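Engineer: I am attaching a structure below and will ask some questions about it afterwards.
The values are calculated or read from the model by the stated rules, or taken from the named source; none is laboratory data. Since we're looking at a predicted model, the values are computed, not measured. Neighbour counts run over all protein chains shown; Cβ positions are idealised from the backbone, glycine included. Calculation scope for accessible area: heavy atoms of the full protein, side chains included, ligands and nucleic acids excluded. Shrake-Rupley method; radii C 1.70, N 1.55, O 1.52, S 1.80 Å.
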Amino acid sequence: MERVSEIIREKGASTALIIGVFVFWELFCLMAGISDILLPRPTQIIAALIQYWPAIWPHTWQTLYTTIVGFGIGVVIGLLLGILIGSSKLAYDTAYPLLVGFSSIPKVAVVPIFVLWYGAGTVPAILTAMIICIFPIVVNVATGIATVEPELEDVMKTLKASKSDILWNVSLPRAMPYFFAALKVAITLAFVGSVVAETVASNRGIGNMMMIASSSFNVPLVFAGLFVLAGLGVTLYVLFSLIERRVTGWAHRKTDVASA
């Protein structure tokens, strides 16, 4: 019971702090007389969300769709590349510098190439979301596999285990905490990729909606789009955190034991 009450107090304190930030934002804009063209108040943003929600919802669904599809493809490719790079020194020495170089390229510079190949629309947004989230997954999975304790591998080898047995029974399970940590980073980056592509090469999505709103100086609607993106990102981040705790709970220190 003491632990439960402590958790409730911690959650209540964090919630109160978040609410306090928005209250300060509201009061600061009112007291300073800041125009909504420069910085709209939270109440104005919420009003814009309610007023324009029938128009916002299709754009929200489009952005969520392109992000999830691109993220899913990126996860598959990143996981496979991470396993390959983490399991082979030759693959690490060959592919890792190429990945670092490709990751250093601003993704907005790649969007026009996708438009040239596939035309404006959904495909460039999916591909941009895909390529932007591959790198953190590859790095974390490869690191998790490459840093497996040699003692565990030696034990498996004494049991006549093959390389594939060691990979599936030791390396991949030990890499799961790294993998889920990468997923939480990659999903936020995937939203960035989708929105960047939508602002350049799409007539749908939150990015396109924000561009149109900014061209008409409807700043509260622009911030409403930001709030929607933040809400989607936080929701998916929390979802992956819950899945992570279910799958890799063995890798996390038990708070009850630590506090005992």
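Engineer: Lys160 fails exactly one of the following numbered conditions: (1) open to solvent by 40 Å² or more (accessible area, probe 1.4 Å); (2) within 15 Å of Thr63 (Cβ to Cβ); (3) at pLDDT below 85. What is the number of that condition?
Structural biologist: Looking at each condition in turn, Lys160 falls short on (2).
Engineer: Filter region 71-117 for residues that are outside any helix (DSSP H, G or I), open to solvent by 50 Å² or more (accessible area, probe 1.4 Å) and of a type in the set (Gly, Ala, Ser) and give the result.
Structural biologist: Residue satisfying the conditions is Ser104 alone.
Engineer: For region 220-246, enumerate the residues that are surrounded by fewer than 19 Cβ atoms within 10 Å (Cβ to Cβ) and among the aliphatic types (A, V, I, L, M).
Structural biologist: Leu226, Ala230, Val234, Val238, Leu239, Leu242, Ile243
Engineer: Which members of region 21-40 meet the condition of being outside any helix (DSSP H, G or I), over 27 Å from the mean Cα position of the chain (by Cα) and of a type outside the set (A, V, I, L, M, F, W, C)?
Structural biologist: Gly33, Ser35, Asp36
Engineer: While we're looking at this one, here's another question. Could you give me the residue pairs with C-beta distances under 8 Å whose first residue belongs to region 112-125 and is farther than 21 Å from Phe71 by Cβ, whose second residue is among the β-branched types (Val, Ile, Thr) wherever it lies, and which are 6+ apart or on separate chains?
Structural biologist: Pro112/Val200
Engineer: If I ask for residues that are over 20 Å from Ser216 (Cβ atoms) and exposed (fewer than 13 other Cβ atoms within 10 Å of the Cβ), which ones from region 25-45 would you list?
Structural biologist: Of everything in region 25-45, those that are over 20 Å from Ser216 (Cβ atoms) and exposed (fewer than 13 other Cβ atoms within 10 Å of the Cβ) turn out to be Leu27, Phe28, Leu30, Met31, Ala32, Gly33.
Engineer: Please enumerate the residues belonging to region 209-219 that are open to solvent by 20 Å² or more (accessible area, probe 1.4 Å) and touching a helix residue (DSSP H, G or I) at 6+ places or on another chain (Cβ under 8 Å).
Structural biologist: Met210, Met211, Ser214, Asn218, Val219
Engineer: Take Ala48 and tell me if it is assigned to a helix (DSSP H, G or I), surrounded by 15 or more Cβ atoms within 10 Å (Cβ to Cβ) and without any contact (Cβ under 8 Å) to a residue 12 or more places away in the chain.
Structural biologist: No.
Engineer: Are any of the residues in region 220-242 outside any helix (DSSP H, G or I) and either modelled with pLDDT under 85 or closer than 21 Å to Phe135 by Cβ (or both)?
Structural biologist: No - not one qualifying residue is present in region 220-242.
Engineer: On the given criteria, is Phe179 at pLDDT 85 or above, more than 30 Å from Trp57 (Cα to Cα) and either of a type in the set (Asp, Glu) or under 14 Å from the mean Cα position of the chain (by Cα) (or both)?
Structural biologist: Judged against the criteria, Phe179 is a match.
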